[in-house]
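Novice: The following block contains the structure, expressed as structure tokens.
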Amino acid sequence: MTTARDTGSFDYIIIGAGSAGCVLANRLTASGRHRVLLLEAGGRDNHFWIHVPLGYGKLFADAKVNWLYATEPEPDLDNRRIIQPRGKVLGGSSSINGLLYVRGQSADYDHWRQLGNTGWGFDDVLPYFRKAEDQERGADDYHGEGGPLSVSDVSEPHPLCEAFIAAAQQAGFPRNNDFNGATQEGVGYYQLTTRKGRRWSTARGYLKPALNRSNLKVVTDALATRIVFDGRRATAVEYRQNGALHRARANAEVILSGGAFNSPQLLQLSGVGPAELLRRHGIDVVADMAGVGADLQDHYQVRMQYRCTEPITMNDVINSWRHRMGEGLRYFVSRKGLLTIGAGYAGAFLRTRPELATPDVQIHFLIFSADTAGAALHPFPGFMMSVCQLRPDSRGFVHIKSADPSAAPAIQPRYLSDRLDCDTTVAGIKLLRGIMERPAIRRYIDTELVPGADCVSDADMLAYARATGTTVYHPTSTCRMGADAKAVVDTRLRVHGFEGLRVIDASIMPALVSGNTNAAAVMIGEKGADMILEDARAGTLAGAA
């Protein structure tokens, strides 16, 4: 057995420098009183395309910054494997995501509270959203100014986006200039985590200002292999770097911030998880916890694509070297233009049935078209939209497939395995088609490319959704917060039954929020940091009450 090299002791060891991990590294070291080790399996965030917003499309298949995960064959999606990009770089998925800043609905967090998670209602978490935010429009009751996370408007409007917004209004939906304000419902432009045309990841906003602190050590290219326990207390973390095994000791706490795939994976590799699964892979069981890796939830989207009647789409720019060079020059001179857009330019949050209390579907509108994510754009003018159900009932899991920490886990979201999810997806396609028939946008439509004129019945639409849909890249809830038998952490994000061990990332969400999960993960990092510092001041180790 390989002996691990001792790399010293720290008060806190954070595993994962992603959306929540970078927040924690900044907040826990700010006073200078606590020594923190931040471990990141990936490298530095110096990849050119990380920092150009539209560059997210270049990162879908780049192993330098992406874990390149995929699901197991999905039985309700014609046994297709669905890509699962996850950031493997400082900033984690906040360095490779589509940049949309959408917190979700206030009802999402009030639902968390109604599930028994005291302190996690919307009024409880709003101060942390505001604390994190540096809102371009300034502060108000819902937004903060001066925080580490820059949130900005799109650099300029676009005629196709204006037409889509007008068409939705013609269909009876309200204009909404702030999806993160008093109400989410309506149609408008998205805001992005950018500043002056550049991506503003948590590595840029939170970690970079803290890098020169003497009490923070950041180790990149460091794959955590297991958490070391003394009984039920987490005492150290082992990690592999450049072929060598290292061990760092934790005086106070070990904090998992690896996200919805890697946090449950590491717990399972460390002997915390479903006992039968662990024994199958020869791992000694520290705690039989069936909820570790369970309850995986994700947003599933179905795309609709259109051939445009005018050459005003991104396809027309990218497929012309002259226009492409001009757009690049414009970006470098003014930080405006097509290179500043994210994974949604305009969008909407709508109700598929009038009796619903809040929106149940989200629409992303984009001014380009392509066969798949990251693929070459079509050689003709085109645009596309996608619809996704906001609160799916389908549940899946994340399970290790071996005791090898470098082996990808089995990821099985079970998309469209619930009837309500199927019905809502079909209703969303119908709703979107209804908007596309309105005069404001109809003038720009030459042909509905997909699903196309032959897709007419509900059965046709569901078959299309099963055959072509994909993830919106929002996995959550695999280390779910709660007090029931399958919950993994308590309301202070301490792993049930353990001392000195917390999970602070999107995996703790009791239920998926109605939006793009990066904003919520940052909030969880902010709130989690406050809890840790409160316990430190009180002299309390992390341990479930």
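Novice: Sort 24-37, 363-376, 244-257 for me by packing, meaning the mean count of neighbouring Cβ atoms within 10 Å per residue, highest on top.
Specialist: Order by mean packing, descending: 244-257, 24-37, 363-376.
Novice: Further, regarding this structure: More than 22 Å apart: what percent of Cα pairs in the range 328-463 qualify?
Specialist: Taking all Cα-Cα pairs of the range 328-463, the fraction more than 22 Å apart is 55 percent.
Novice: Would you please state which residues of the range 433-463 a label at residue 170 would reach in this model, taking the label point 7 Å out along Cα→Cβ and a backbone N cut-off of under 14 Å?
Specialist: Those under the cut-off are 433-446.
Novice: Along the charge dipole of the range 262-354, Cβ charges K/R +1 and D/E -1, which of 338, 273, 312 sits furthest on the positive end?
Specialist: 312
Novice: Just from its helices, what would the mean residue ellipticity at 222 nm be for the chain, if runs of 4 or more DSSP H residues each count -39500 (n - 2.57) and the sum is divided by every residue, rounded to the nearest 500 deg cm²/dmol?
Specialist: Rounded to the nearest 500, it is -7500 deg cm²/dmol.
Novice: Let me ask something additional. Kindly give Rg over Rh for the range 104-155, based on alpha-carbon atoms, with the Kirkwood expression for the hydrodynamic radius.
Specialist: That ratio is 1.08, to two decimals.
Novice: Percent of Cα-Cα pairs more than 19 Å apart in the range 206-294, please.
Specialist: Percentage above 19 Å: 47.
Novice: In straight Cα distance, which lysines are under 20 Å from residue 336, not counting same-chain residues fewer than 8 positions off?
Specialist: List returned: 58, 196.
Novice: Here's another thing I want to ask about it. By a straight-distance test (C-alpha under 14 Å), which aspartates and glutamates pair with residue 486 as possible cross-link partners, with residues fewer than eight away in the same chain excluded?
Specialist: 288, 295
Novice: So, R0 is 30 Å and r is the distance between the beta-carbons of residue 232 and residue 183; what FRET efficiency does that work out to, to 0.05?
Specialist: The pair residue 232/residue 183 has a calculated efficiency of 0.10.
Novice: Looking at 148, 115, 61, which one has the Cα that reaches farthest to the positive end of the dipole of the range 1-150 (charges on Cβ: Lys, Arg +1; Asp, Glu -1)?
Specialist: Towards the positive end, the residue furthest out is 61.
Novice: At residue 142 and residue 110, where each label point lies 7 Å from the Cα along Cα→Cβ, what is the point-to-point distance in nanometres?
Specialist: Simple spin-label model gives 1.4 nm for this pair.
Novice: Right, something else. Relative contact order of the chain, please, whole-number percent, based on alpha carbon pairs below 8 angstrom and at least 6 residues apart.
Specialist: Result for the chain is 22 percent.
Novice: Would you rank 238, 145 by solvent-accessible area, highest first, keeping every protein chain in place and using a 1.4 Å probe?
Specialist: 145, 238
Novice: Let me ask something else about it. Distance between Cα centroids, the range 397-418 to the range 9-55: provide it in whole Å.
Specialist: Here the two parts' Cα centres lie 25 Å apart.
Novice: Please work out how much length the chain gains when fully extended from residue 448 to residue 275, using 0.36 nm per residue of separation minus the C-alpha to C-alpha distance, in nm with one decimal.
Specialist: Taking 0.36 nm per residue and subtracting the Cα distance, the gain is 57.2 nm.
Novice: To continue, here is another question. Dipole magnitude of the chain about its Cα centre, charges +1 at Lys/Arg Cβ and -1 at Asp/Glu Cβ only, in debye to the nearest 20?
Specialist: That gives the chain a dipole magnitude of about 1560 debye.
Novice: Give a residue-ordered list of calculated ³J(HN,Hα) values for the range 194-211 (Karplus: 6.51 cos²θ - 1.76 cosθ + 1.60, θ = phi - 60°; whole Hz; x for Gly, Pro).
Specialist: With coefficients 6.51, -1.76 and 1.60, one gets 9, 9, 6, x, 10, 4, 10, 6, 5, 5, 6, x, 9, 7, 4, x, 9, 5 Hz.
Novice: So which lysines pass the test for residue 527, namely a Cα distance under 19 Å, with those fewer than 8 places away in the same chain ruled out?
Specialist: Reachable lysines: 131.
Novice: Go through 2, 340 and list them by solvent-accessible area, largest first, probe radius 1.4 Å.
Specialist: Descending order: 2, 340.
Novice: Provide Rg and Dmax in Å for the range 235-347, with only Cα atoms included in the calculation.
Specialist: According to the Cα coordinates of the range 235-347, Rg and Dmax are 24.4, 64 Å.
Novice: Have a look at 523, 504, 462 and report the one farthest towards the positive end of the charge dipole of the range 456-545, computed about the Cα centre with Cβ charges (Lys/Arg +1, Asp/Glu -1).
Specialist: Checking the options against the dipole of the range 456-545, the answer is 504.
Novice: Another question about this same structure. Can you give the accessible area of residue 495, probe radius 1.4 Å, in Å² rounded to 10?
Specialist: 0
Novice: Can you give me the distance in nm between label points at residue 323 and residue 212, each placed 7 Å from the Cα along the Cα-to-Cβ direction?
Specialist: 4.5
The values are calculated or read from the model by the stated rules, or taken from the named source; none is laboratory data. Source: prediction; values computed, not measured. All Cβ positions, even for glycine, are placed from backbone atoms using ideal geometry, and neighbour counts span all protein chains on display. When the accessible area is computed, the model is the full protein with side chains, heavy atoms only, and any ligands, DNA or RNA have been set aside. Shrake-Rupley method; radii C 1.70, N 1.55, O 1.52, S 1.80 Å.
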